[in-house]
1. How much mean residue ellipticity at 222 nm does chain A get from its helices, if each DSSP H run of length 4 or more adds -39500 (n - 2.57) and you divide by all residues, to the nearest 500 deg cm²/dmol?
2. Let me spell out the model: positive unit charges on the Cβ of Lys and Arg, negative unit charges on the Cβ of Asp and Glu, origin at the Cα centre of region B:82-180. What dipole size does that give, in debye rounded to 20?
3. Which pairs break 31 Å Cα to Cα here: A:Lys104/A:Lys233; A:Lys104/A:Lys181; A:Lys69/B:Lys107; A:Lys312/B:Lys168; A:Lys86/A:Lys160; A:Lys99/A:Lys229?
4. In Å², and per residue, what accessible area does region A:53-305 have when probed at 1.4 Å with the other protein chains present?
5. Evaluate the Debye formula for chain A with equal point scatterers sitting on the alpha carbons, no solvent, and hand back log10 of I(q)/I(0) at q = 0.07, 0.09, 0.11, 0.12 Å⁻¹, in q order, two decimals.
6. Can you tell me the 0 to 90 degree angle between the C-alpha axis of helix B:152-166 and the longest principal axis of chain B, rounded to 10?
7. What GluC sites (Glu not before Pro) in region A:146-197 are in a loop by DSSP, with at most 15 other Cβ atoms within 10 Å of the Cβ?
8. Determine, from the Cβ-Cβ distance of A:Ala256 and B:Leu15 and an R0 of 35 Å, the FRET efficiency 1/(1 + (r/R0)^6), rounded to the nearest 0.05.
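The values are calculated or read from the model by the stated rules, or taken from the named source; none is laboratory data. What you see is a predicted model; the values in this text were computed from it and never measured. Cβ coordinates were reconstructed from backbone atoms using ideal geometry, including for glycine residues, and neighbour counts include every protein chain displayed. When the accessible area is computed, the model is the full protein with side chains, heavy atoms only, and any ligands, DNA or RNA have been set aside. Shrake-Rupley method; radii C 1.70, N 1.55, O 1.52, S 1.80 Å.
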Amino acid sequence: MLIKHTIASDPKSFEITSKAAYLKRRDFLKATLALSAAAILPTSAQAYLPQKIEGIIKSPFSTDEKLNKYDDVTSYNNFYEFGTGKGDPLDNSGDFQPKPWTIKVDGLCNNPGEIGIEDLMGQYQQEERIYRMRCVEAWSMVIPWVGVELASLLKKFDPKTEAKYVEFTTLFDPKQFPGQKYPIIAWPYTEGLRMDEAMHPLTLLATGIFGEELPPQNGAPIRLVVPWKYGFKSIKSIVRIRFVDKMPTSTWMQQAPSEYGFYANVNPDVDHPRWTQAKERRIGEFFRRPTLAFNGYAEEVADLYKGMDLRKNF
Amino acid sequence: MAGKRKIPIKPFVFLVCLLPAFWLVYGIFTGTLGANPIETILRDLGDWTLRFLLLGLAISTVRRLMGWAWVMRYRRMIGLFAFFYAFLHLAVYIGIDHFFDWATIWKDIVKRPYITIGMTALLLLIPLAVTSPKIMVRKLGGARWKKLHKLVYPIAIMGVVHFYLLVKADVREPLIYGGILLFLLGERLYRRYGESFQFAKSIR
Ligand code: HEM
């Protein structure tokens, strides 16, 4: 009799297969799933299947730390539009259709307009950026994003000199985002960056993870990634980018002004009222590790905040 | 109901009460507790602490409302399970989540209201657990024992407040527990003062 025991320390298939083979096998599985889904549900809308992104180049900004597992990155998400549990975004995003998708860019710029996700992916070189990502809840991951520098897109719309901030808005559509049926937070989700933060070369508009398009639970089809700030700044499923002259009020600032500030830079010395920020648990590890100032990106970004009291501007 | 039961119900209930703990142990060994198993374990144990506290409170309510005297036989056990899960919840917080980082833990207890309240609730549970054996009831005398065990009311309230304070935005779940607690406490208040309400109404 053959019994296969699986214990926690067994290497997962991801660790023993090469990544390419792993991804290929997943492609096959997905294709099979898609076919069987099509066979069973010929008329209903098909679940969205992220495709491989072609022609990705590597970026010198990437960290060489060990990647988190694809399954963890795509099953442990804070995305209240799909529900407030960590597993809700994966469980409740089956009907989400990130294509077609357009992003409206307007406000204080000379060249307002729209850009479709296909154009954005076709016209801009897609780069892989492996970043640390630190959640305000004191956990972290290392994620291989794919995307374009936000600055390269923003320049196309030619912001005016009066533009001091950039405001981002998530799609509002309770049919696709069941979490939006309840006023848990003020929908739609809104975030903002100062102009110099938005133009910083580390700031990424992500279109994918692990070499593929973003799955819905990770913010398909396009999201922000600001690696030196707490994760909630990295707004997902963006439909609008607006240049403004006043500091935007982000959703979490509005929700709890004493707990969430506009800057939200990762800072081990300034605690969140409900969590210590001095340490964090890297997902997949047992012991907490010390949190680094600006999430380890101080060398690149600390200058942006020279002379500011980071305790007040949290 | 007369006569001796053949099937031992109590050990069965005991095993059922242990299921959440078994489930977590099983999850640890099969790796099915998600990306952040420590958080899952800590939260599950918190949930079960609160559920057993409320279940313990519900027992005498059920006896009064349904007239089922036999439920009272399980009250001590349910109460002790509340303590059991609370103890594990604290143990996981100290020994696994923070791995005995006493400086951080102390700061948490004094700085973060939800931890302060949780800790107070847990400390208050200790004398109740210690005085749960029948011999302690006799030692203390029924009246004093009853008075001491009234502590379970503030403990349950603190459990709900602890939960309410720790959620980031979605307060629906703690409010559900709060609603259940309100019903359980309301029934007691009504029983105690209800008659005088009725009286007051009738003489108006
Ligand atoms: C009677 C005592 C207690 C009760 C009834 C209780 C109940 C709970 C409940 C219901 C949760 C939320 C679970 C969820 O999110 O689904 C929770 C979480 C938690 N409790 Fe307790 N608890 C108690 C004592 C304590 C104590 C003594 C501590 C620590 C000193 C503590 C620390 C925590 C922490 C750290 C969390 C998780 C917070 C998070 O993940 O954000 N609790 N507890």
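1. -5000 deg cm²/dmol
2. 700
3. Beyond 31 Å: A:Lys69/B:Lys107; A:Lys86/A:Lys160.
4. 37
5. At q = 0.07, 0.09, 0.11, 0.12 Å⁻¹ the computed log10 ratios are -0.28, -0.47, -0.70, -0.84.
6. 40
7. Sparse-neighbourhood loop GluC sites (Glu not before Pro): A:Glu162.
8. Values: r = 43 Å, r/R0 = 1.22.
Rounded to the nearest 0.05, the efficiency is 0.25.
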